[in-house]
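K.L.:
Before I ask anything, let me first share the structure, which is written out below as structure tokens.
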Amino acid sequence: MEKGASFLFAGTKFNKKKFASEIARFKEKKDTENKVDYLNMFESVNPEPEEVTVSTKKRKRKQAVSVEAVEGFNVFTSSKKATVVNEENKKDEEEDKLSKEKKKANRKMEADSILRKKYNIHVSGNNVASPLKSFAELSSVYGCDSYLLLNFAELGFKEPTPIQRQAIPVLLSGRECFACAPTGSGKTLAFVSPMLMKLKHASTDGVRAVILCPTRELAAQTTRECKKLAKGNKFHIKLLTKKLIRSADLSKLPCDILISTPLRLSSAIKKRKLDLSRVEYLVLDESDKLFELGLIKQIDSVVKACSNPSIIRSLFSATLPDSVEELARTIMHDAVRVIIGRNEEGKLLALRQSFAERLNPPVLIFVQSKERAKELYEELKFDNIRVSVIHADLSEAQRENVVDDFRAGKTWVLIATDVIARGMDFKAVNCVINYDFPDSAAAYIHRIGRSGRAGRTGEAITFYTEDDVPYLRNIANVMAASGCEVPSWIMNLRKLRWKKHRPKRESILTKPNDVKD
Ligand SMILES: Nc1ncnc2c1ncn2[C@@H]1O[C@H](COP(=O)(O)OP(=O)(O)OP(=O)(O)O)[C@@H](O)[C@H]1O
């Protein structure tokens with residue numbers, strides 16, 4: 001299965017003590033009342049819809065205009081009044097400008113999100129550059145030299161692939177990036193093109209860009225690709241070979257882009273044959289394989305040798321194991337994460353990975369419908385964990401059995417929906433996993449209230465996909481108030497009015513429905 005996990009998830013510890021009074025209030029009331037209560041309590045609602053603000057402003061502006069028409073006759077008699085009117089006009093103009101800019105920014109965000117959805121691009125990070133609509137934008141927006149576009153055409157590349165659409169503008173905007181896209185999806189062009197565009201021309205100032213590949217064969221292949229893309233420009237593109245290390249004085253070698261394996265490059269650094277202090281771009285290609293091969297020490301020495309403080313580092317990978325994420329986090333600053341692939345597949349992978357690393361039963365998993373509860377059960381039942389499911393299609397007696405088994409520790413993981421879990425008392429659940437994002441703040445509190453009962457702390461993990469991002473801010477306050485560290489980009493999101501948020505999600509099943517075991 002493709003391991004390109006296109007998911008995002010966040011964990012929070014829910015402090016039951018801190019929320020004791022709120023939970024008590026919640027329990028006592030009916031659902032609809034609760035919703036209002038919690039929305040107010042955690043300020044999840046924008047109390048002033050934008051429409052209202054805009055129309056108020058319009059009214060104000062109209063008033064100012066009518067004042068101006070009358071006051072205009074008095075311009076010479078009352079300069080004070082004229083100044084006031086002028087100032088008001090200026091203020092109005094500024095407000096107008098701001099509102100236009102805001103609308104433009106909103107339109108751009110919408111267009112970006114439509115494009116990302118179309119190409120299954122998932123991003124995280126602040127102010128992520130817009131995805132490319134076409135290769136032509138490289139020239140119209142980013143001033144790309146014509147040779148590169150000619151080379152694309154000559155190679156028969158008509159449209160950017162999804163990873164190219166997003167990773168290229170991210171790197172061109174000067175951001176660090178870690179990108180995950182399936183094998184054969186055009187990652188090489190995604191990191192080589194911005195490199196060529198930023199380096200602009202060949203120089204003899206020493207090594208300016210480094211690409212690390214896990215094996216000699218891959219390094220040689222990347223060198224060939226790189227040369228094809230740079231055709232027409234006189235860049236010095238070198239593959240670090242044994243022969244090159246032996247024969248040349250590397251410090252004098254004209255080299256714009258150096259491609260190597262970590263082993264070979266770190267050994268050249270050790271022998272003080274290379275100065276990498278001017279490197280502006282460092283790419284770790286196939287970073288998942290670099291780790292599999294245990295090359296962390298060598299990678300580390302290369303990262304350290306590339307000591308230019310304004311260096312842009314990027315990681316490209318076909319899968320996204322924890323080791324790669326961890327490295328990305330330690331070596332990069334303010335990096336943008338770009339993932340190409342399916343959301344639901346990512347969630348399932350994340351769940352399996354989390355169980356493989358640590359399973360601390362009892363674990364309660366919430367999904368948004370009984371169909372999805374059954375699907376997730378189908379996926380997990382053959383994994384080596386004791387899992388069961390509870391949904392409305394089970395008889396009363398069956399449901400009771402399921403709950404009894406869970407309480408007795410016979411099953412470790414229970415999959416449930418909000419409806420069925422309401423009112424059931426699962427004692428001492430260690431971890432609640434919101435596999436599907438809750439559809440309201442009330443549901444979130446209901447769910448995480450199942451963990452860490454009787455004053456103990458519990459863990460809550462919430463998976464979210466692109467569809468859920470607009471609603472993240474609405475649970476952020478609850479998370480923050482319970483002592484969880486919430487990333488600033490989530491806190492900076494706009495608060496939305498909670499609609500019943502239950503987006504249509506892709507099936508959880510990795511096998512088509514008609515394939516039976
Ligand atoms: N925009 C494009 N349109 C058509 N073909 C492309 C495009 N970009 C790259 N290719 C071609 O797709 C193939 C795969 O590209 P590439 O090797 O870069 O993929 P990759 O994601 O790096 O895969 P791997 O993980 O196997 O290294 C290559 O033959 C490349 O020339």
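Read the figures in this text as sums done on the coordinates, not as results from a lab. Source: prediction; values computed, not measured. With ideal geometry, Cβ positions are generated from the backbone for all residues, glycine too; neighbour counts draw on all protein chains shown.
K.L.:
Between Glu378 and Glu357, what is the FRET efficiency for a Förster distance of 22 Å, r being their Cβ-Cβ separation, to the nearest 0.05? If you can, show how the numbers build up before the last one.
P.N.:
Details: r = 23 Å, r/R0 = 1.03.
Rounded to the nearest 0.05, the efficiency is 0.45.
K.L.:
Right, something else. Enter the Cα centre distance for the pair region 96-171 and region 324-358, rounded to the nearest angstrom.
P.N.:
Region 96-171 and region 324-358 have Cα centres spaced 23 Å from each other.
K.L.:
Please compute one quarter of the surface area of the Cα convex hull for region 110-341 and express it in square nanometres.
P.N.:
On the way: hull surface 46.7 nm².
Hull-based average projected area comes out at 11.7 nm².
K.L.:
Under 5 Å between amide hydrogens, which residues at least 5 positions from Ile365 or on another chain qualify, with H placed 1.01 Å from N in the peptide plane?
P.N.:
Leu414, Ile415, Ala416, Ile433
K.L.:
Give me the Kirkwood hydrodynamic radius of region 345-492 in Å, from all C-alpha pairs, to one decimal place? Walk me through the intermediate numbers first.
P.N.:
Values: mean 1/r = 0.0636 Å⁻¹.
The answer is 15.7 Å.
K.L.:
Are there trypsin sites (Lys or Arg not before Pro) in region 300-378 that DSSP marks as loop and that have at most 15 other Cβ atoms within 10 Å, and which are they?
P.N.:
Details: sites: Lys304, Arg313, Arg329, Arg337, Arg342, Lys347, Arg352, Arg358, Lys370, Arg372, Lys374; in loops: Arg342, Arg358.
Listed in order of number, the matching sites are Arg358.
K.L.:
Check each of the chymotrypsin sites (Phe, Trp or Tyr not before Pro) in region 117-162 and keep only those in coil by DSSP with at most 10 other C-beta atoms within 10 angstrom; list them in order. Write out the running numbers ahead of the final one.
P.N.:
Values: sites: Tyr119, Phe135, Tyr142, Tyr147, Phe152, Phe157; in loops: Tyr119, Phe135, Tyr142, Phe157.
Within region 117-162, no chymotrypsin sites (Phe, Trp or Tyr not before Pro) qualify (loop, at most 10 other Cβ atoms within 10 Å).
K.L.:
Mind checking the full-extension length gain between Lys270 and Thr457? Use 0.36 nm per residue of separation minus the Cα-Cα distance, one decimal, nm. List each step's numbers first, then the result.
P.N.:
Numbers: separation 187, 0.36 × 187 = 67.32 nm, distance 4.92 nm.
Contour length minus Cα-Cα distance gives 62.4 nm.
K.L.:
Between Lys103 and Arg494, what length comes free when the chain is fully extended (0.36 nm per residue of separation minus the Cα-Cα distance, one decimal in nm)?
P.N.:
Details: separation 391, 0.36 × 391 = 140.76 nm, distance 1.44 nm.
Contour length minus Cα-Cα distance gives 139.3 nm.
K.L.:
Turning to a different aspect of this structure: Please say if region 264-420 is rounded, prolate or oblate, where rounded means a/c under 1.5 for a ≥ b ≥ c the square roots of the C-alpha gyration tensor eigenvalues, and otherwise the choice is prolate for a/b larger than b/c and oblate otherwise?
P.N.:
prolate
K.L.:
Hand me the trypsin sites (Lys or Arg not before Pro) from region 155-231 located in a DSSP loop with no more than 16 other Cβ atoms within 10 Å, in residue order please. Please report the intermediate quantities before stating the final value.
P.N.:
Working: sites: Lys158, Arg165, Arg175, Lys187, Lys198, Lys200, Arg208, Arg216, Arg224, Lys227, Lys228, Lys231; in loops: Lys158, Arg175, Lys200, Arg208, Lys231.
Here the sparse-neighbourhood loop sites are Lys158, Lys200, Lys231.
K.L.:
Another question, then. Could you pull out the pairs from Lys243/Lys273; Lys273/Lys304; Lys304/Lys347; Lys187/Lys231 whose alpha carbons sit more than 24 Å apart here? Intermediate results must be reported in sequence, preceding the final value.
P.N.:
Working: Lys243/Lys273 13 Å; Lys273/Lys304 15 Å; Lys304/Lys347 34 Å; Lys187/Lys231 19 Å.
Over 24 Å apart, Cα to Cα: Lys304/Lys347.
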